[in-house]
Amino acid sequence: MKNILQMQDICKSFSGVEVLHSVNLDLYEGEVLALVGENGAGKSTLMKILMGIEQPNAGKIFLGEEEVKLDNPAKALDLGIAMIHQELAPIPEMTVEENLFIGRELSHFGFVDSRKQAQLTKEWLGNLNLRIPPTTKMQDLSISQTQMVEITKAISYNSKILIMDEPTSAITEAEVRHLFEIINLLKKNGISIIYISHKLQELPFIADRVQVMRDGHIISVAIMAEKSERQIVRDMVGREISNIYPKCDNNITEPILEVKHLNKKGEFEDVTFTLHAGEKLGIAGLMGAGRTELVSTIFCVNRPDSGEVWVDGEKVNFRKPSDAIKKKIALVPEDRKLMGLNLAMNVQENATMCIDKNIAKFYFLNNPKGSLLAKEMVKKLSIKAHSTKQEVGNLSGGNQQKVVLAKWLLTEPDILLFDEPTRGIDVGAKAEIFELINNLVMNGKAALIISSEMQELVGIADRVIVMCEGKITGEVKGEEITQENIMALASPKNKNGSIN
Amino acid sequence: MQNQEKDQKHNTATEQNEKVPFYKSSQFWKSTGIFWALVILVIIMAISQPAFLTKPNLINILKQASITGILAIGLTLVLLTGGIDLSVGSVLAVACMAAAFLTSDVQGFPVIVGFIAGIGVGAIFGLVNGFGIAYIGFAPFIMTMATLSAARGIALVSTNNRPIFNLSRTFIDVSNSIYFGLPSLVYYFLIVAVLAYILTKKTVFGKWIYAVGGNQIAAKYSGINVEKVKLIIYMIMGSLSGLTGVLMASRITSGNPTVGEGYELDAIAACVIGGVSMSGGAGSVIGTVIGVLILGVISNGFDILGISSNYQRIMKGLVILLAVFIDIRSRSRKNS
Ligand SMILES: Nc1ncnc2c1ncn2[C@@H]1O[C@H](COP(=O)(O)OP(=O)(O)OP(=O)(O)O)[C@@H](O)[C@H]1O
Ligand SMILES: [Mg+2]
């Protein structure tokens, strides 16, 4: 097989801290190389260097025989390298079509050729089986649709090397399957793919080789077929992880959150369920099932049209999120960049955001206390940051997610609404987060967990309610919680078997 | 794989890392770059203009800068939340008229009434701006541009274009006295600056200002009442415009409905030079104070050189671009 890319001894530091230590990477024609590692291992940084977004402090890059200097993304794209970014970067005000053509608009004497663009957009979206009208604004798309548009865009560059940084972190299983088909097709056409993911169970389906990074070092490179998931995990975290879904002796007691006939037009209908103290209740469903809308309505980011919410046997009438927080409810939102974090603020400022008021000394910020609490959380969740004063915008994706968790855990909530809590989080951290959820419920707290990874719900939930197109279609419990049962309830029935 | 043990200790936040001396950190240079610009500017002026580095002249610079300074500090708060207020100059004029009217010999109210009225009038305009922006959803630029026009109209209509004279002696003393060698205006500026500094850096509300400007949606999810924060900020801005109106009336010893035209641009310029981001969430009161001083030093220098005010405007435009250019540069450098 032909070697088409070599990265040699790449070093990179940010403000004096080295995050890549002489890293090597080889890529062969027509292969899928899986790049895995813990949060903050340096995967995205390495790929940003390849894409010309970051400049290495040392090291060489060869494309084929030739050494290249990649000093901006335009050059990388020119040389046939394209990337699906972990941190999605669509322009919300623009349409899908405009986003796909940013920087390479088709034109006739300086005028945008919208007809041609529209036609190509349809074609590309069609190739990926996406039914999104090209004129939809990006801001009106769900996260999973946004991610699919990003994937479409990267593929449409027809590049020789395609970098995918966690492409499946926010898309549904059906879309994942489709993406894999496309990856296999691209592979056949001689395109090489670097595939970054925290979902290790995906790798055997697509990857030819797997390269593991930890703390800015390459730990191992191997043929995928010769490496078990267990070995990969061990290389990643540097120790044996026996069980991602730890055991839990929780004691389910009285109802703590009751939702009765909650309605929101166009989002969900007549939703009724009860969450008990000490319980882990999962909500499963496909994209667009209305799960995110449901929890954000319970948390009163949006007001419901009708229906009731009861907390601790008492009817509540929330008018804004702070009312919900006062009743000891926390929502760990789905999109950390948009709803979770202030990227310009540092770890401590973000972590204490919700409790500043409570720890304040007469309206004044209590910095020593905040710093103490933030440090405690950093330790508890093993957040990798240079210090609690590091801007969260500079943290790796998974560590940003942990900061969001820290922020909500500090409010010491009794009811935790988790909307995709493990998105983009590495296996080790995932196990830690589940352990944490377990500890919470064992102390009588209640957790409502939305997850698109059914495996995860199977692994941890005491009970799972399934939503489909805004309605609760059923509930599974104990032994009945299997992927098949959930899937059966989650797929729309009426439409001659087609999923979507 | 042999270094498994060693890699066990993650680089989670360690005590050690936080003890880098502040003056060595990149943060230090980033946050003080604009201060060094001011120092260099002063040195250049002092060397080339003997008249510059004299006590009366320096005091004069401070005095001249004070009015713009108070407005700029208010605007810093507004810009931090991701908004803008164009109406400050016009609101100032209404407050100026109100204060002058009440303290003139016709009405003869005491000074304190003039203050209350001026600041109150400003706060009401701020309330209107804030309500329109936070609760109705007008874009800040639009809302405050409308207020800019309307408030100026109110100031002009109130006396049918005529100025108000014969203010009480005690009222005139407000802006024209000297305490411990410094003009009273400078004290007002300093007090406002210190209060705003404490508000933004030390209080919970201050953090909310940054939170709202940095990421409004995340702020909302965190239980921050985004609308209320904005409303309060515009009211503070209005009150400060009102305060400047009162000080202005005293300083020019009359109520003049055309006073303060174009002040919003000077104030915005000072913020921008001081590193306040126009898109919200970044900047500081100290930066703005330095921005105000830079503008003051430059226009004073030109005055000494005898450059006409028309040329000064041209230079001011260039200085703004230069300052922002340096700011952008220092920001991008800190990452590499
Ligand atoms: N601009 C930056 N400034 C400072 N530090 C940075 C910057 N970008 C990345 N880092 C640091 O570099 C390290 C590697 O980050 P990177 O994003 O490459 O990790 P990753 O392997 O992609 O992790 P994840 O799986 O969480 O996405 C992290 O410790 C991060 O904090
Ligand atoms: Mg990453």
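The values are calculated or read from the model by the stated rules, or taken from the named source; none is laboratory data. Since the model is a prediction, treat every value here as computed from it, not as a measurement. With ideal geometry, Cβ positions are generated from the backbone for all residues, glycine too; neighbour counts draw on all protein chains shown. Only protein heavy atoms, including side chains, enter the accessible area calculation; ligands, DNA and RNA are left aside. Shrake-Rupley method; radii C 1.70, N 1.55, O 1.52, S 1.80 Å.
Over all other residues within a Cβ to Cβ distance under 13 Å of A:Gln8, the charged ones net out to -2, with Lys and Arg as +1 and Asp and Glu as -1. A 1.4 Å probe, protein heavy atoms only, puts the accessible area of A:Lys48 near 70 Å². Counting 0.36 nm for each residue step from A:Asp249 to A:Phe62 and taking away their Cα separation leaves a gain of 61.9 nm. Hydrodynamic analysis of segment A:397-474 uses the Kirkwood radius over alpha carbon pairs. Inserted into Stokes-Einstein at 4 °C and 1.567 mPa s, it gives a translational diffusion coefficient of 97 µm²/s.
DSSP finds beta bridges in segment A:255-490, and of those with both partners inside it, around 55 percent are antiparallel. Just to verify a number: FRET efficiency for A:Arg104 and A:Gln55, C-beta to C-beta distance, R0 = 22 Å, to 0.05? Result of the calculation: an efficiency of 0.40. How would you classify chain A from its alpha-carbon gyration tensor, with a ≥ b ≥ c the square roots of the eigenvalues: rounded for a/c under 1.5, else prolate if a/b is greater than b/c, otherwise oblate? Cα axes put chain A in the prolate bin.
For a Förster distance of 51 Å, can you work out the FRET efficiency between the beta-carbons of A:His217 and B:Thr258, rounded to the nearest 0.05? Efficiency, from the Cβ-Cβ distance: 0.15. Proximity of backbone amide H atoms, modeled 1.01 Å from N, is registered between A:Leu5 and A:Leu27, A:Gly64 at under 5 Å, excluding neighbours fewer than 5 places apart on the same chain. Shielding value for A:349-361 is 4, the average number of Cβ atoms from other chains within 10 Å of each residue's Cβ. Applying a DSSP loop filter and a limit of 14 other Cβ atoms within 10 Å to the trypsin sites (Lys or Arg not before Pro) in segment A:268-348 leaves A:Arg319.
Report the local net charge at A:Leu365: Lys and Arg +1, Asp and Glu -1, summed over other residues whose C-beta lies under 11 Å from its C-beta. Could you put the intermediate results ahead of the total?
Numbers: positive: A:Lys357, A:Lys361, A:Lys369, B:Lys201, B:Lys202, B:Lys207; negative: A:Glu349, A:Asp356.
Computed value for this residue: +4.
Taking the longest Cα principal axis of chain A as reference, the axis of helix A:427-442 is set at about 0 degrees. Seen against the Cα atoms of chain A and their longest principal axis, helix A:173-188 is set at about 10 degrees. Potential lengthening of the chain between A:Glu29 and A:Lys2 amounts to 9.2 nm, from the contour at 0.36 nm per residue minus the alpha-carbon distance. Among rounded, prolate and oblate, which fits chain B when a ≥ b ≥ c are the square roots of the eigenvalues of its C-alpha gyration tensor, a/c under 1.5 means rounded, and a/b larger than b/c means prolate? Judged from the Cα gyration tensor, chain B comes out oblate (a/c at least 1.5, b/c at or above a/b).
When the pairs A:Lys369/B:Lys220; A:Lys43/A:Lys137; A:Lys188/A:Lys337 are compared against a 29 Å limit on Cα-Cα distance, A:Lys43/A:Lys137; A:Lys188/A:Lys337 fall above it. Would you mind telling me the antiparallel percentage of the DSSP bridges in chain A, rounded to 5? Looking only at bridges with both residues in chain A, the antiparallel portion is about 55 percent. Rounded to the nearest 20, the Cβ-based charge dipole of chain A about its Cα centre (Lys and Arg +1, Asp and Glu -1) stands at 740 debye.
Evaluate peptide A:236-249: per residue, the Cβ atoms of other protein chains within 10 Å of its Cβ; return the mean as an integer.
Across A:236-249, the average partner-chain Cβ count within 10 Å equals 1.
Give the longest segment of chain B that steers clear of chymotrypsin sites (Phe, Trp or Tyr not before Pro) in DSSP loops with at most 15 neighbouring Cβ atoms within 10 Å, not counting the sites themselves. Provide the component values of the computation, followed by the final result.
On the way: sites that count: B:Phe165, B:Phe180.
Between exposed loop sites, the widest span is B:1-164.
Loop-located trypsin sites (Lys or Arg not before Pro) in segment A:420-500 (DSSP state not H, G, I, E or B) with no more than 13 neighbouring Cβ atoms inside 10 Å: A:Lys493, A:Lys495. Under the simplified labelling scheme, the B:Asn60-A:Asn129 pair shows an inter-label distance of 7.9 nm, with each label point 7 Å from Cα along Cα→Cβ. Remark: mean inter-chain Cβ contacts per residue of A:317-323 equal 3, using a 10 Å Cβ-Cβ cutoff to other protein chain atoms.
Keeping every protein chain in place, order A:Ile241, B:Ile314, A:Ile53 by accessible area at 1.4 Å, biggest value first, i.e. largest first.
Working: A:Ile241 35, B:Ile314 100, A:Ile53 75 Å².
The residues order as B:Ile314, A:Ile53, A:Ile241, largest area first.
For the residues B:Gly206, B:Gly317, B:Gly120, a GNM of chain B with alpha-carbon springs under 10 Å puts the largest fluctuation on B:Gly317. Only lysines eight or more places from B:Lys63 in sequence, or on another chain, were considered; those with a Cα closer than 23 Å are B:Lys55, B:Lys316.
Farthest towards the positive end of the charge dipole of the protein assembly as shown, among the residues A:Ile219, A:Leu457, A:Val347, is the Cα of A:Val347, using unit charges on the Cβ of Lys, Arg, Asp and Glu.
Can you give the FRET efficiency for A:Ala174 and A:Val112, using 1/(1 + (r/R0)^6), R0 = 41 Å, r = Cβ-Cβ distance, to the nearest 0.05?
After rounding, the FRET efficiency stands at 0.75.
Electrostatic bookkeeping for A:Lys137 treats Lys and Arg as +1 and Asp and Glu as -1; over the other residues with beta carbon under 12 Å from its beta carbon, the sum is -4. Scaled against 2.2 N^0.38 Å for its residue count N, the alpha carbon radius of gyration of the protein assembly as shown is 1.07. Estimated at 0.36 nm per residue, the fully extended path between A:Gln139 and A:Asn394 surpasses their Cα-Cα distance by 89.4 nm. Working note: 222 nm ellipticity from helices only, DSSP H runs with n ≥ 4, each -39,500 (n - 2.57), summed and divided by the residues of chain A, gives -9000 deg cm²/dmol to the nearest 500.
The modelled label-to-label distance for the pair B:Ile40/A:His21, using points 7 Å beyond Cα in the direction of Cβ, is 3.9 nm.
Modelled this way, with points 7 Å down the Cα-to-C-beta line, the labels at B:Asn176 and A:Leu185 are 8.3 nm from one another. Here's the list of aspartates and glutamates a cross-link from A:Lys69 could span, going by alpha-carbon distance under 15 Å and ignoring same-chain residues fewer than 8 apart: A:Asp9, A:Glu54, A:Asp78.
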